[in-house]
Amino acid sequence: IRRSDMISIHFQKRLLVTLIAAFAGAALAGPLAYVPNEKSATVSVIDTATDQRLGDMPAGQRPLGIAAGDGRLYLTDGKTGSLLIIDTVAGKLLKTIPVGESPEGVSLSADGKLLAVAVEDDNSVVLLAAPLGKELARIKVQGKNPEHAVFSPDGRWLYVSAEEAEQVDVVDVKARKQVASIPVGKRPRGIGFLPDGSRAYVASEMAGKVYAIDVAERRVVAEITAGQYPNGIAVHPDGKRVFVSNVRDPSVMAIDVASNTVVATIEVGKRPWNMAITPDGAKLYVANGRSSTVSVIDTVSYKKLADIEVGELPWGVSIR
């Protein structure tokens, strides 16, 4: 047996044991939150109904970006320069796809047909077909060291943020090329679209602001002062609120979309990073990198409900 096959078999055995242990008796579980732990090289699985950590599964060598689909996890591995596709039902690593050095964020289109991976070292976005990960295009962008590439709700556009940029790059998905750039503050990070696709919200770390962008007109329509080093963005399903994590405060702020003002600030763990909201909009989960926890926030009362221990250096959250 080849060494690569032995590694795959070992991975599958570990993953299957983890999943059996985690999901035994969990028939009544709510949506699951998946948390990639960069230093532990695992993904922690949380039942959002009980806010209990069900278990961990192995995930490459340095898992970063994550997107959850129907029975699959899509994970970037920063150490190996690859995209991992994991079948969470069968407990099986389906595929390891080379995408380039230092891949970070990965996103899945709303229809579940396309994946986008931001690859830092060659300043590109890799577009792949889901669920099997066939590469369709490699699209160059202007911003250096791209971190996030996020689909608009209708799948027409990709908004791309980069560590060395003062703009968001706009990619036409059908044309497979960058077609515009929208100026924002220095070092844009997290991106989120309103459910109707009319606006996008972008956190710019060095500027200390969140920028509201009119998608049709491709221009900033509001600048919202956030905390220190704003990073992650999560949009409520009702489209009325946007949440931003502040790395150095450390906190999460709630922004009212109608007025583009901050209406609440919630203290969380150290270095809050990327976030996700449950499908019903009731709870927000934020990965606290330096605390090795995930904070759970009630999106109505703006109260922190729990801090859940996960692995080391959690990077983000995806809920399915």
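The values are calculated or read from the model by the stated rules, or taken from the named source; none is laboratory data. If you're wondering where the values come from, they're calculated on a predicted model, not measured in any experiment. Reconstructed Cβ throughout: ideal geometry from the backbone, glycine too, with neighbour counts over all protein chains shown. Accessible surface is based on the protein model in full, side chains and every heavy atom, while ligands, DNA and RNA are left aside. Shrake-Rupley method; radii C 1.70, N 1.55, O 1.52, S 1.80 Å.
Brief remarks follow.
- You will find that of 212, 200, the residue that is in contact with a Phe, Trp or Tyr (Cβ under 6 Å, 6 or more places away or on another chain), free of Cβ contacts under 8 Å to residues at least 60 places away in the same chain, more than 22 Å from residue 64 (Cα to Cα) and surrounded by fewer than 23 Cβ atoms within 10 Å (Cβ to Cβ) is 212 and no other.
- Qualifying position, being crowded, with 20+ Cβ neighbours inside 10 Å and among the basic types (Lys, Arg), among 248, 320, 290, 241: 241
- Qualifying residues in the stretch 65-76 (those that are surrounded by fewer than 24 Cβ atoms within 10 Å (Cβ to Cβ) and touching a Gly at 6+ places or on another chain (Cβ under 8 Å)) - the one farthest from residue 312 (Cα to Cα): 70
- When restricted to residues that are open to solvent by 10 Å² or more (accessible area, probe 1.4 Å) and touching an Asp or Glu at 6+ places or on another chain (Cβ under 8 Å), the stretch 144-160 contains 7.
- Count of the stretch 276-296 residues which are in a strand (DSSP E or B) and free of Cβ contacts under 8 Å to residues at least 60 places away in the same chain: 6
- Neighbours by Cβ (under 6 Å, 6+ apart or cross-chain): first from the stretch 249-266, assigned to a strand (DSSP E or B); second among the polar types (S, T, N, Q) and open to solvent by 30 Å² or more (accessible area, probe 1.4 Å): 251/265; 253/265
- The number of residues in the stretch 111-133 that are more than 19 Å from residue 175 (Cβ to Cβ) and either open to solvent by 40 Å² or more (accessible area, probe 1.4 Å) or of a type in the set (Gly, Ala, Ser) (or both) comes to 7.
- In this structure, residue 221 does not qualify as under 30 Å from residue 181 (Cβ atoms), of a type in the set (Val, Ile, Thr), crowded, with 24+ Cβ neighbours inside 10 Å and in contact (Cβ under 8 Å) with a residue 12 or more places away in the chain.
- The one condition in (1) surrounded by fewer than 22 Cβ atoms within 10 Å (Cβ to Cβ); (2) at pLDDT 95 or above; (3) not β-branched (Val, Ile, Thr) that residue 163 fails to fulfil: (2)
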